[in-house]
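*Asks:* Pasting in a structure now, in structure tokens, and then I'll have a few things to ask.
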């Protein structure tokens, strides 16, 4: 993040604008809304700027810029047509530790002015870090259409409730949940729709009910984070992350997904690498119960889908025994996500009439998969956590009747920019995978559908390796 987003309180603070043309006028009009004390310096200025000076809205000096003009300035905007002068003023401002923006010169600027959606007191600022002002404007246009015109009035109403909420509700968590219920529920919809009395009535009912209620019990939400690409997170999962007090997450959940959580939520990594040291399932269950009993909203965040080889059912059984309230938000499972990004349809009328998900990382001495069923024609088999057992899986399938020429693929780091797709056959896939330095997480896909991968690959990542003709 090259630019740190921040909102300046410029009320009655001196802001110096150097320049007197159209660009300077636009900056002055924007700055006037902040209540800043605007001083403008330029040898020539537009009539609109003269009118503002005559009305006492800004102070104008019709002359060239002088270094003394920087005295007392909290912010400087430079908008002349002379690049050398602009950079000189920028250097002087930097030497005095005054934030400076040089219009259309990102390198000379200490800050940039974003595109703004103004719903006072709600203010949305959009920046592309100076790379594309046109894109920023287009994003602003979309937000203008999406954000209700009276959202600012809603914010002011919510602020008016803070004092009474502080008196009636005890604890930060209780007050936050009260306001979340207002914003997410019918109260906000009534207010935005023009029914202010209806919104106030709902708020009073919530205050009366919440203040008389016993301490809120905690809850656990089991959330699927998807296979890696953070944009595959569902809207409901995003809401859960934004509302969570505590997040217990697997090791493979990407940081980009965790960054979507509420910033003050506690984040606890409870995952481990295959065969490595990490939290046991019993320890994870205990942590879920411990935080829920403290009245916290807990999110158990798992890669892929929590009910497909994610031990989600085991965790819910533990919560049920502890009488903890829970819910489940499914995610895009790794098989569906990684196969789609690799260009491998899991079913196809001409190649596969069914698909089977198999865990290759079974408990020690546990039952083996039904190899005979998996080796039948017309089946797509997807092996989770199978990178270390590719050779074993291929050998077992061939031993139970699968052709050595049956297409197979390993998809590593699926849906991420680092995704790698390695294709081959049951006879070759183990050798080429071993020689390609592939790292987990990875899936093994076996079936005729893999033959379509090269034609249907669409995701721009590392070039797939094809050794289907190798010995």
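Just so it is clear, none of the values below were taken in a lab; they were calculated from the coordinates. If you're wondering where the values come from, they're calculated on a predicted model, not measured in any experiment. Cβ: placed from backbone, ideal geometry, glycine included. Neighbour counts: every protein chain shown.
*Asks:* Mind pulling the angle between the C-alpha long axis of helix 196-212 and the longest principal axis of the chain? Nearest 10 degrees, somewhere in 0 to 90.
*Replies:* Roughly 60 degrees between the two axes.
*Asks:* Let me ask something else about it. Using the C-alpha gyration tensor of segment 391-447, what are the square roots of 5 times its eigenvalues, in whole angstrom, with the largest one first? Before the final figure, lay out each step's value.
*Replies:* Details: eigenvalues 92, 21, 16 Å².
Each semi-axis is the square root of five times an eigenvalue, giving 21, 10, 9 Å.
*Asks:* Fewest to most neighbouring Cβ within 10 Å: what's the order for 398, 1, 260?
*Replies:* Details: 398 17, 1 5, 260 13.
Least to most surrounded, the residues fall as 1, 260, 398.
*Asks:* Suppose R0 equals 25 Å. What FRET efficiency, 1/(1 + (r/R0)^6) with r the Cβ-Cβ distance, do residue 268 and residue 4 give to the nearest 0.05? Present the calculation step by step, with values, prior to reporting the outcome.
*Replies:* Working: r = 27 Å, r/R0 = 1.09.
Between residue 268 and residue 4 the formula returns 0.35.
*Asks:* Give me the number: length gained by fully extending residue 74 to residue 290, i.e. 0.36 nm times residue separation minus the C-alpha to C-alpha distance, one decimal in nm. Numbers along the way, then the final one.
*Replies:* On the way: separation 216, 0.36 × 216 = 77.76 nm, distance 4.96 nm.
Going from the current span to full extension adds 72.8 nm.
*Asks:* Scan (i) 21.8; (ii) 27.3; (iii) 29.9 for the value of Kirkwood radius over Cα pairs in Å calculated from this model and give just the label.
*Replies:* Only one listed value fits the structure, namely (ii).
*Asks:* Let me know the whole percent of all Cα-Cα pairs from segment 215-364 that are separated by more than 29 Å.
*Replies:* Working: 2103 of 11175 pairs.
Of all Cα-Cα distances in segment 215-364, 19 percent exceed 29 Å.
*Asks:* What shape does segment 328-415 have by the C-alpha gyration tensor, where a ≥ b ≥ c are the square roots of the eigenvalues, rounded means a/c under 1.5, and otherwise prolate means a/b greater than b/c and oblate the rest?
*Replies:* Details: a/c = 1.62, a/b = 1.14, b/c = 1.41.
Oblate, because a/c is 1.5 or more while a/b does not exceed b/c.
*Asks:* Take every Cα pair under 8 Å in the chain that's 6+ residues apart, average their separations, divide by the length, and report that relative contact order as a whole percent.
*Replies:* Working: 818 pairs, mean separation 42.5, N = 471.
It rounds to 9 percent for the chain.
*Asks:* Percent relative contact order of segment 151-212, based on C-alpha pairs within less than 8 angstrom and at least six residues apart?
*Replies:* Details: 35 pairs, mean separation 21.7, N = 62.
That works out to 35 percent.
*Asks:* Let me know the Rg and Dmax you get for segment 77-150 when you use only its Cα atoms, in Å.
*Replies:* Just the Cα atoms of segment 77-150 yield Rg and Dmax of 15.0, 45 Å.
*Asks:* Fully extended, how many nm does the chain gain between residue 143 and residue 455 (0.36 nm per residue separation, minus their Cα-Cα distance)? All intermediate terms of the calculation are to be shown ahead of the outcome.
*Replies:* On the way: separation 312, 0.36 × 312 = 112.32 nm, distance 3.83 nm.
Full extension from residue 143 to residue 455 adds 108.5 nm.
*Asks:* Let me check against my output: what whole-number percent is the relative contact order of segment 203-359, with C-alpha pairs under 8 Å and at least 6 apart? Could you put the intermediate results ahead of the total?
*Replies:* Values: 257 pairs, mean separation 52.4, N = 157.
Relative contact order of segment 203-359: 33 percent.
*Asks:* Please give the calculated 222 nm ellipticity per residue for the chain, where each DSSP H segment of at least 4 residues contributes -39500 (n - 2.57) and the sum is spread over every residue; nearest 500 deg cm²/dmol? Let's see the in-between values first.
*Replies:* Numbers: 18 runs with 169 residues, N = 471.
Here the helix-only value at 222 nm equals -10500 deg cm²/dmol.
*Asks:* Measure nothing but the geometry: give the 0 to 90° angle between the long axis through the Cα atoms of 312-321 and the longest principal axis through the Cα atoms of the chain, rounded to 10°.
*Replies:* With both axes taken from Cα atoms, the answer is about 80 degrees.
*Asks:* Sorted from fewest to most neighbouring beta carbons within 10 Å, what does the list 319, 252, 40 look like? Display every interim value, and only then the final one.
*Replies:* Working: 319 20, 252 16, 40 27.
Ordered from fewest to most neighbouring Cβ atoms within 10 Å, 319, 252, 40 come out as 252, 319, 40.
*Asks:* Give the Kirkwood hydrodynamic radius (Å, one decimal) of segment 14-113, defined as one over the mean of 1/r across all pairs of different Cα atoms.
*Replies:* Values: mean 1/r = 0.0760 Å⁻¹.
So the Kirkwood estimate lands at 13.2 Å.
*Asks:* So, in nm, how far is label residue 122 from label residue 280 when the simple model puts each one 7 Å beyond its Cα toward the Cβ?
*Replies:* So the label points at residue 122 and residue 280 sit 5.0 nm apart.
*Asks:* Based on the alpha-carbon gyration tensor of segment 129-278 and its eigenvalue square roots a ≥ b ≥ c, which shape applies: rounded if a/c is under 1.5, prolate if not and a/b is larger than b/c, or oblate? Kindly include the intermediate steps, with their values, before the conclusion.
*Replies:* Values: a/c = 2.73, a/b = 1.26, b/c = 2.16.
It comes out oblate by the Cα gyration axes.
*Asks:* State the percent of C-alpha pairs, over all pairs in segment 50-101, separated by a distance greater than 12 angstrom. If you can, show how the numbers build up before the last one.
*Replies:* Details: 904 of 1326 pairs.
Beyond 12 Å sits 68 percent of the P(r) for segment 50-101.
*Asks:* While we're looking at this one, here's another question. Any idea what angle helix 151-160 forms with the longest principal axis of the chain, computed on alpha-carbon atoms, 0 to 90 degrees, nearest 10?
*Replies:* Rounded to the nearest ten degrees, it is 80.
*Asks:* Can you sort 172, 77, 98 from fewest to most other Cβ atoms within 10 Å of each residue's own Cβ?
*Replies:* On the way: 172 10, 77 28, 98 18.
Sorted ascending by nearby Cβ count, the order is 172, 98, 77.
*Asks:* Tell me, in nm to one decimal, what length is gained between residue 256 and residue 48 on full extension, where the rule is 0.36 nm per residue of separation less the Cα-Cα distance?
*Replies:* Details: separation 208, 0.36 × 208 = 74.88 nm, distance 4.70 nm.
Separation in residues times 0.36 nm, less the Cα-Cα distance, equals 70.2 nm.
*Asks:* Still on this structure, please answer the following. Write down the Å³ per residue value for the convex hull defined by the alpha carbon atoms of segment 151-212. Show your work: numbers first, answer last.
*Replies:* On the way: hull volume 4.3 nm³, N = 62.
Convex hull of Cα atoms, per residue: 69 Å³.
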